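The values are calculated or read from the model by the stated rules, or taken from the named source; none is laboratory data. All values reported here derive from a predicted model rather than from experimental measurement. A quick note on method: Cβ atoms are made from the backbone with ideal geometry, for glycine too, and the neighbour counts reach across all protein chains shown. For the accessible areas, the whole protein counts, side chains as well, though only heavy atoms, and no ligand, DNA or RNA atoms are used. Shrake-Rupley method; radii C 1.70, N 1.55, O 1.52, S 1.80 Å.
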Amino acid sequence: MRTALPSVKLGEILVKLAGLENPPKQFVAGGNAISTVVPVLEQRLTELHAYEELSKSTGGSF
């Protein structure tokens, strides 16, 4: 189930992030956001590592 953040609160958070010296490259908002996104990112990282040697074998830096 998705939970919606009130627009004002989300706006305040985005302004705070924009004012950071080193803002995050990625940000997910919402109560369930991290628990939803992390498994997907972990799966992608696992797949990248599975083909790491094949990738390196191209010899390039594309």
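Going by a ≥ b ≥ c, the root eigenvalues of the Cα gyration tensor, does the chain fall in the rounded group (a/c under 1.5), the prolate group (a/b larger than b/c) or the oblate group? Taking the square roots of the gyration eigenvalues as a ≥ b ≥ c, the chain is oblate.
Among Ile13, Ile34, the order of accessible area from largest down is Ile34, Ile13, computed with a 1.4 Å probe on protein heavy atoms. Of all trypsin sites (Lys or Arg not before Pro) in the chain, which ones are in loop regions per DSSP and have a Cβ with at most 15 other Cβ atoms within 10 Å? The qualifying sites are Arg2, Lys25. Restricting the chain to GluC sites (Glu not before Pro) that sit in a DSSP loop and have at most 15 other Cβ atoms within 10 Å of their own Cβ leaves Glu21. A 1.4 Å probe run over the chain, with the rest of the protein chains in place, finds 95 Å² accessible per residue. Across the accessible surface of the chain, with the other protein chains kept in place and a 1.4 Å probe, carbon and sulfur atoms take up 59 percent. Ordered from largest to smallest accessible area (heavy atoms of protein chains, 1.4 Å probe), the residues Phe62, Phe27 come out as Phe62, Phe27.
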